[in-house]
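The values are calculated or read from the model by the stated rules, or taken from the named source; none is laboratory data. Nothing here was measured: the structure is a model prediction, and the numbers come from that model. Glycine also receives a Cβ, built like all others from the backbone with ideal geometry; neighbour counts cover every protein chain displayed. Note: accessible area is taken over every heavy atom of the protein model, side chains too, but ligands, DNA and RNA are not part of it. Shrake-Rupley method; radii C 1.70, N 1.55, O 1.52, S 1.80 Å.
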Amino acid sequence: MTTDIASGMSRRALLGAFAATAITAAPTFANAAGFLRGGGDIRRIKMYSGRTGERIDMIYWIEGEYVRDAVKEINHFMRDWRTDGVTSMDLRTIDIMSAAHNLLDASEPYMLLSGYRSPQTNAMLRSRSRGVAKNSLHMKGQAADLRLSSRTVSQVARAAAACRGGGVGKYTRSNFVHMDCGVVRTWGR
């Protein structure tokens, strides 16, 4: 650690003071997707689907710009596998997923259980389980249900909640975490 002899202030303390000033000066940006803790200058998403056997490992954001072809592939990957319906996933959800993965320092890909859901699929799942919302954010492309075998549900949920970008649900018995870009909230055990 280097110290400024004249002021006795370390470089780390100076940077910390600058960061605190920047956040105070621009509080509206504190929870913006571009400022997600763990987001980084390059954002990458790694997932596989047990349903389709597909895998995806790609950089989708570089220095403030989304990579259009990568986003298109992510949308296809996160499709409703039951109907093959595709929608434009809300990139805020992808950013939350990526930032949480970075915070967990995990090398394995997420297992995607559910991304986009067509209204028909949502209605069918809702008829089988009371845990499926009638107006699920999955139908808007704003949610994903994910699992990491190397981390507990609580660990994944804490990382996602630390991003403060949306809703995080823990489904411990079913071994997955729900992440969405809706209202910041948490639920589950």
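Those strands (runs of 3 or more DSSP E) of segment 41-121 in which 3 or more residues are of a type in the set (Val, Ile, Thr) occupy 55-62. Checked against (1) in contact with a helix residue (DSSP H, G or I) (Cβ under 8 Å, 6 or more places away or on another chain); (2) of a type outside the set (Phe, Trp, Tyr); (3) over 17 Å from Trp81 (Cβ atoms); (4) open to solvent by 60 Å² or more (accessible area, probe 1.4 Å), Cys163 passes all but condition (4). Of everything listed in (1) surrounded by fewer than 20 Cβ atoms within 10 Å (Cβ to Cβ); (2) under 22 Å from Gly167 (Cβ atoms), the single unmet condition for Met89 is (1). Suppose we filter segment 167-189 for residues that are part of a loop (DSSP other than H, G, I, E, B), closer than 14 Å to Leu113 by Cβ and of a type in the set (A, V, I, L, M, F, W, C); how many remain? Here the count works out to 0.
Among the residues of segment 161-178, those identified as within 11 Å of the chain's Cα centre (by Cα) and touching a residue at least 40 places away in the same chain (Cβ under 8 Å) are Ala162, Cys163, Arg164, Gly165, Gly166.
For the residues Thr3, Thr83, the requirement of being open to solvent by 60 Å² or more (accessible area, probe 1.4 Å), at pLDDT below 50 and of a type in the set (Val, Ile, Thr) singles out Thr3.
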